[in-house]
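Quick one: structure below, then a few questions.
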Amino acid sequence: MLVIYINKPQFEYDIHSLVKAFYPEEEIKVSCEEELKEAHNISIQFEETHIQMTLITVQGPRSTFGIKEVSHSKDADRQTVRDLLKQLIYKGLSEHLGKELPWGTLTGIRPTKIPMAMLEEGKGEGEILRHMKETYLISEEKGTLSIDIARREKELLSTLHYQDGYSLYIGIPFCPTTCLYCSFTSYPIGAWRKRVSDYLEALEKEMVFVAEAFRDKILDTVYIGGGTPTTLEPEELDRLLTALKTHFDLSRLQEFTVEAGRADSITREKLKVLKRHGITRISVNPQTMKEETLKLIGRQHSVSQVKEAFEAAREEGFDNINMDIILGLPEESKEDVIHTMEAIKELYPDSLTVHSLAIKRASKMNEWIEEKGIATLHNTDVTMQIAADAALDMGMDAYYLYRQKNMSGNFENVGYATPGKYGIYNILIMEEKQTIAALGAGSISKAVFPDGRIERTDNVKDVALYIERIDEMIERKRKLFAWDFSVEKQ
């Protein structure tokens, strides 16, 4: 364990996240407990006009090997102190370890929000890049990438109805099996097949409330995710989509996505149902095109099934198909990534989402790492570039980006798409510009207020509890959305 002692209880999360990025294999503890004064590896002292960081050797006899300090004015605001603190930590650990992080001091999941806000203020791209490099110590490559994406997002979002519109998310929390890396709300469909009808009934009850609450608003996008929505049988998918069309006005919808996902859940009959109901965008997600890895991570389908599902979707008329891959999967090499990208290029999807493996505490991946070691996960600048080059070869641009905690290689997730095939909902969920009403177990609704303030409410994750407590879930939404939609009167 690596222990960080602080003399005042503040910025614990920022300190933990940044130090963890430098020491991904270490357990990190940040505390101001007095007993840790003599047992820490890093000491951070917050004083009236400066911050001091002391580094102690992690192994062997304890000895101080570095003291760094940064000054600030007495009346410095919290954000300024936070930025100076993170710069201090970054420079100290970078110098000690001989290691640089591509995203510098940025550890949040939405780095493009910074250039987006500055673009909206009328700042030039050169000024934005300088600010990001000086304030967050970000690399030139990542700074340029985030600005390019923010510029593209700004243009795409200009067609949406921020104040008089909303988007809808519907979660289907069932999967064929749970993948090794997954921590999302998902339940094996085999064990829950008899409760699917009850779940859809609860969903429709939630739909009725939301449709009425937002009756005077424009529905811009619908995203059905999970889980794996196509674990539903054709008649169940038809029931879900019919309910949607019955209760909501879809006449001004700009995007209607179903994350079909796993190839072992996709059939031609299901694709026909989706097409008949006007779905405009679907995903067929291989994660890798290496058979051995698919088995290792619990994806119970083959590479050939992925190809067959994709080709069937094309034959059924889908002209906006996304594919997801994950870099940094166990025991995959640079050559494996090249193989995956060549196989995807043969299929030529309309968009590609490149994920860097994020190690989630709730996933089975943690057990794998404990047994095999984190060294079995390989994600580097080289593999990220292989994927980026393949996207470029397919005529795609990067259009959205987000990061997660404990990402392999401290990189990012990037969405690429050909012109006109960008995933609008993906941008909305990251940039937080529009209210999103989220239905289903484990979903999180988000109200964006006119002053930019954001409030959230979540549904319970457990499927049985969601069905049982659906009235409570609706009441939570009533309170969240009452600020603008006269929900109190219903």
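Per-residue answers, yes or no, for (1) touching a Ser or Thr at 6+ places or on another chain (Cβ under 6 Å); (2) over 15 Å from Gly261 (Cβ atoms); (3) modelled with pLDDT of 95 or more:
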position	(1), (2), (3)
Glu292	no, yes, no
His301	no, no, no
Ala313	no, no, yes
Phe318	no, no, yes
Ile326	no, no, no
Leu329	yes, yes, no
Thr340	yes, yes, yes
Ala343	no, yes, yes
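Please verify whether segment 263-275 includes one or more residues that are open to solvent by less than 60 Å² (accessible area, probe 1.4 Å), on the phi > 0 side of the Ramachandran plot and either at pLDDT below 95 or part of a helix (DSSP H, G or I) (or both).
Checking segment 263-275: not a single residue is open to solvent by less than 60 Å² (accessible area, probe 1.4 Å), on the phi > 0 side of the Ramachandran plot and either at pLDDT below 95 or part of a helix (DSSP H, G or I) (or both).
So Ser363 fits all but one of (1) modelled with pLDDT of 85 or more; (2) open to solvent by less than 70 Å² (accessible area, probe 1.4 Å); (3) closer than 23 Å to Thr231 by Cα; what number is the exception?
All conditions pass for Ser363, except number (1).
Of everything in segment 197-236, what is touching an Asp or Glu at 6+ places or on another chain (Cβ under 9 Å), within 24 Å of Ser251 (Cα to Cα) and either in a loop (DSSP other than H, G, I, E, B) or among the hydrophobic types (A, V, I, L, M, F, W, C) (or both)? Give them in sequence order.
Selection gives Leu200, Ala211, Arg215, Asp216, Lys217, Ile218, Leu219, Val222, Ile224.
Sticking with this one: Taking the residues in segment 157-173 that are surrounded by fewer than 23 Cβ atoms within 10 Å (Cβ to Cβ) and within 19 Å of the chain's Cα centre (by Cα) as candidates, determine which candidate is nearest to Gln87 (Cα to Cα). Please lay out each step first, then the result.
Narrowing segment 157-173 to residues surrounded by fewer than 23 Cβ atoms within 10 Å (Cβ to Cβ): 157-165, 169.
Adding the requirement that they be within 19 Å of the chain's Cα centre (by Cα) leaves 157, 169.
On the way: Leu157: 33, Tyr169: 38 Å.
Among them, the one singled out is Leu157.
Mind checking which pairs have a first residue in segment 302-328 that is small (Gly, Ala, Ser) and a second that is open to solvent by 30 Å² or more (accessible area, probe 1.4 Å) and at pLDDT 95 or above, Cβ under 7 Å, 6 or more apart or different chains?
Ala312/Arg268; Gly317/Lys275
Please work out if Leu357 is at pLDDT below 70 and in contact with a Gly (Cβ under 6 Å, 6 or more places away or on another chain). Quick ask: steps written out before the conclusion?
Working: at pLDDT below 70: no; in contact with a Gly (Cβ under 6 Å, 6 or more places away or on another chain): yes.
No: the conditions fail for Leu357.
How do the pairs read when you match residues in segment 452-473 that are touching a residue at least 40 places away in the same chain (Cβ under 8 Å) with residues anywhere that are surrounded by fewer than 18 Cβ atoms within 10 Å (Cβ to Cβ) and among the basic types (Lys, Arg), using Cβ under 6 Å and keeping only pairs 6 or more apart or on different chains?
As it stands, the answer is Ile470/Lys205, since those pairs meet every condition given.
Here's something else I'd like to know. Could you run through segment 457-479 and say how many residues are in contact with a Phe, Trp or Tyr (Cβ under 8 Å, 6 or more places away or on another chain) and either open to solvent by 30 Å² or more (accessible area, probe 1.4 Å) or under 18 Å from Tyr187 (Cα atoms) (or both)?
Applying the first criterion (in contact with a Phe, Trp or Tyr (Cβ under 8 Å, 6 or more places away or on another chain)) to segment 457-479 yields 459-460, 463, 466-467, 473-474, 477-478.
Pick out the ones that are also either open to solvent by 30 Å² or more (accessible area, probe 1.4 Å) or under 18 Å from Tyr187 (Cα atoms) (or both) and you get 459-460, 463, 466-467, 478.
Matching residues across segment 457-479 total 6.
Being without any contact (Cβ under 8 Å) to a residue 12 or more places away in the chain, over 15 Å from Met394 (Cα atoms) and buried (at least 16 other Cβ atoms within 10 Å of the Cβ) is the requirement here; does Leu294 meet it? If you could, list the steps in order and put the result at the bottom.
Details: without any contact (Cβ under 8 Å) to a residue 12 or more places away in the chain: yes; over 15 Å from Met394 (Cα atoms): yes; buried (at least 16 other Cβ atoms within 10 Å of the Cβ): yes.
Yes; evaluated as a whole, the condition is true for this residue.
What residue, among those in segment 24-50 that are in contact (Cβ under 8 Å) with a residue 40 or more places away in the chain and in a loop (DSSP other than H, G, I, E, B), is most open to solvent (accessible area, probe 1.4 Å)? Steps first, answer last, please.
Narrowing segment 24-50 to residues in contact (Cβ under 8 Å) with a residue 40 or more places away in the chain: 24-25, 42, 44, 46.
Still in the running and in a loop (DSSP other than H, G, I, E, B): 24-25.
Values: Pro24: 65, Glu25: 145 Å².
Out of the qualifying residues, it is Glu25.
In addition: Out of Lys99, Lys91, report the one residue that is farther than 30 Å from Ile429 by Cβ, within 26 Å of the chain's Cα centre (by Cα) and of a type outside the set (Phe, Trp, Tyr). Lay out the reasoning, then the answer.
Working: Lys91 fails: within 26 Å of the chain's Cα centre (by Cα).
When all the criteria are applied, what remains is Lys99.
Cβ-Cβ under 7 Å, sequence separation 6+ or interchain: first residue in segment 395-415 and farther than 17 Å from Ile114 by Cα and surrounded by fewer than 19 Cβ atoms within 10 Å (Cβ to Cβ), partner of a type in the set (Lys, Arg) and at pLDDT 90 or above. Which pairs?
Partner pairs satisfying both residue conditions: Asp397/Arg152.
Same structure again: Mind checking which residues of segment 6-15 are outside any loop (DSSP other than H, G, I, E, B) and in contact with a Cys (Cβ under 7 Å, 6 or more places away or on another chain)?
Residues of segment 6-15 that are outside any loop (DSSP other than H, G, I, E, B), as a first pass: 6, 12-15.
Of everything in segment 6-15, just one residue is outside any loop (DSSP other than H, G, I, E, B) and in contact with a Cys (Cβ under 7 Å, 6 or more places away or on another chain), namely Ile6.
Could you figure out which of (1) crowded, with 18+ Cβ neighbours inside 10 Å; (2) of a type in the set (A, V, I, L, M, F, W, C); (3) under 27 Å from Pro9 (Cα atoms) isn't true of Met116?
For Met116, the failing item is (3).
Another question, if that's okay. Under 6 Å between Cβ atoms, which residue pairs at least 6 apart in sequence (or on different chains) link something in segment 70-98 that is farther than 15 Å from Glu47 by Cα with a partner that is open to solvent by 30 Å² or more (accessible area, probe 1.4 Å) and not β-branched (Val, Ile, Thr)?
Matching pairs, first to second residue: Tyr90/Leu137; Gly92/Lys68; Ser94/Glu100.
Let me ask something else about it. Can you pull out the residues in segment 219-262 that are of a type in the set (S, T, N, Q) and crowded, with 23+ Cβ neighbours inside 10 Å?
Start the filter on segment 219-262 by keeping residues that are of a type in the set (S, T, N, Q), which leaves 221, 228, 230-231, 242, 246, 251, 254, 257.
Across segment 219-262, the qualifying residues are Thr221, Thr228, Thr230, Thr231, Thr257.
Report yes if Lys8 is under 34 Å from the mean Cα position of the chain (by Cα), open to solvent by 40 Å² or more (accessible area, probe 1.4 Å) and among the charged types (D, E, K, R), otherwise no. First the steps, then the outcome.
Details: under 34 Å from the mean Cα position of the chain (by Cα): yes; open to solvent by 40 Å² or more (accessible area, probe 1.4 Å): yes; among the charged types (D, E, K, R): yes.
Against the criterion (under 34 Å from the mean Cα position of the chain (by Cα), open to solvent by 40 Å² or more (accessible area, probe 1.4 Å) and among the charged types (D, E, K, R)), Lys8 qualifies.
Among the listed residues Ile427, Ile454, identify the single one that is modelled with pLDDT under 95 and open to solvent by less than 10 Å² (accessible area, probe 1.4 Å). It would help to see each step written out before you state the result.
On the way: Ile454 fails: open to solvent by less than 10 Å² (accessible area, probe 1.4 Å).
Result: Ile427 is the single residue among Ile427, Ile454 that is modelled with pLDDT under 95 and open to solvent by less than 10 Å² (accessible area, probe 1.4 Å).
Based on this model, can you work out whether Ala375 counts as touching a strand residue (DSSP E or B) at 6+ places or on another chain (Cβ under 8 Å), modelled with pLDDT under 95 and small (Gly, Ala, Ser)?
Details: touching a strand residue (DSSP E or B) at 6+ places or on another chain (Cβ under 8 Å): no; modelled with pLDDT under 95: yes; small (Gly, Ala, Ser): yes.
Judged against the criteria, Ala375 is not a match.
Scan segment 431-461 residue by residue and report those that are of a type in the set (Asp, Glu), at negative phi and in contact with a strand residue (DSSP E or B) (Cβ under 9 Å, 6 or more places away or on another chain).
Glu431, Glu455, Asp458 - these are the residues of segment 431-461 that are of a type in the set (Asp, Glu), at negative phi and in contact with a strand residue (DSSP E or B) (Cβ under 9 Å, 6 or more places away or on another chain).
The values are calculated or read from the model by the stated rules, or taken from the named source; none is laboratory data. Since we're looking at a predicted model, the values are computed, not measured. All Cβ positions, glycine included, derive from the backbone under ideal geometry; neighbour counts span all protein chains shown. For the accessible areas, the whole protein counts, side chains as well, though only heavy atoms, and no ligand, DNA or RNA atoms are used. Shrake-Rupley method; radii C 1.70, N 1.55, O 1.52, S 1.80 Å.
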